[in-house]
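The values are calculated or read from the model by the stated rules, or taken from the named source; none is laboratory data. The structure presented is a predicted model; accordingly, all values stated were derived computationally and were not measured. With ideal geometry, Cβ positions are generated from the backbone for all residues, glycine too; neighbour counts draw on all protein chains shown.
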């Protein structure tokens with residue numbers, strides 16, 4: 001590690017400030033570990049070994065340099081400074097990172113679209129509780145219409161005027177249409193809900209498990 005002393009160079013008198021700065025600058029420029037003897041020799045005895053030992057210890061205590069034991073002596077090296085984020089290398093690294101992110105942007109947007117579509121599809125599927133309520137309403141309406149129809153016919157026991165019969169017929173036709181539409185809605189809802197069944201379960205088993213009345217729509 002010891003560099004050869006240049007010709008015609010004379011040792012400089014030690015100055016507390018200049019000598020410390022000289023040693024610190026030297027370590028930063030070399031960016032490798034040196035002992036006090038190495039530094040004194042490499043600086044062409046501008047600082048003495050004894051002075052170099054004292055300055056190195058002081059700088060180490062201030063954590064301006066780092067030191068470690070190497071054999072029978074202690075060697076020191078400059079603390080690695082953080083990279084300058086405004087320097088050319090840092091700017092080039094940021095530009096490269098930006099370029100990579102821009103290249104990933106289209107695929108990320110496409111992935112976001114797919115995920116949004118899946119989310120919308122899941123939100124469109126009604127809850128099983130809503131499906132059960134709809135089926136119960138249809139069953140109740142069906143019973144009500146059946147009871148009214150039985151009353152109209154009355155199996156010949158009750159007298160119903162033609163006007164009442166016509167009115168009942170129209171109501172029956174109207175509610176039959178409502179029932180048909182709601183049954184279609186119910187079948188569609190059930191189809192969507194049963195697209196993804198729990199493992200080891202059929203549609204019939206799910207219908208029965210939910211306690212729904214009637215056959216599977």
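If you filter the stretch 62-77 down to residues that are touching a residue at least 40 places away in the same chain (Cβ under 8 Å) and part of a strand (DSSP E or B), you find that the one that is farthest from residue 24 (Cα to Cα) is 75. When the helices (runs of 4 or more DSSP H) confined to the stretch 106-217 are screened for residues that are at pLDDT 70 or above and loosely packed, with under 12 Cβ neighbours inside 10 Å, those reaching at least 3 such residues are found at 128-153, 162-193. A search for C-beta distances below 6 Å between a residue of the stretch 32-61 that is not assigned by TED's automatic domain parsing to the domain that holds residue 74 and any residue that is crowded, with 16+ Cβ neighbours inside 10 Å and assigned to a helix (DSSP H, G or I), counting only pairs 6+ apart in sequence or on different chains, returns nothing. Of everything in the stretch 43-65, what is under 16 Å from residue 78 (Cβ atoms) and surrounded by fewer than 19 Cβ atoms within 10 Å (Cβ to Cβ)? Give them in sequence order. Correct list: 57, 58, 60, 61, 62, 63, 64. Of everything listed in (1) touching a strand residue (DSSP E or B) at 6+ places or on another chain (Cβ under 9 Å); (2) at pLDDT 85 or above, the single unmet condition for residue 58 is (1).
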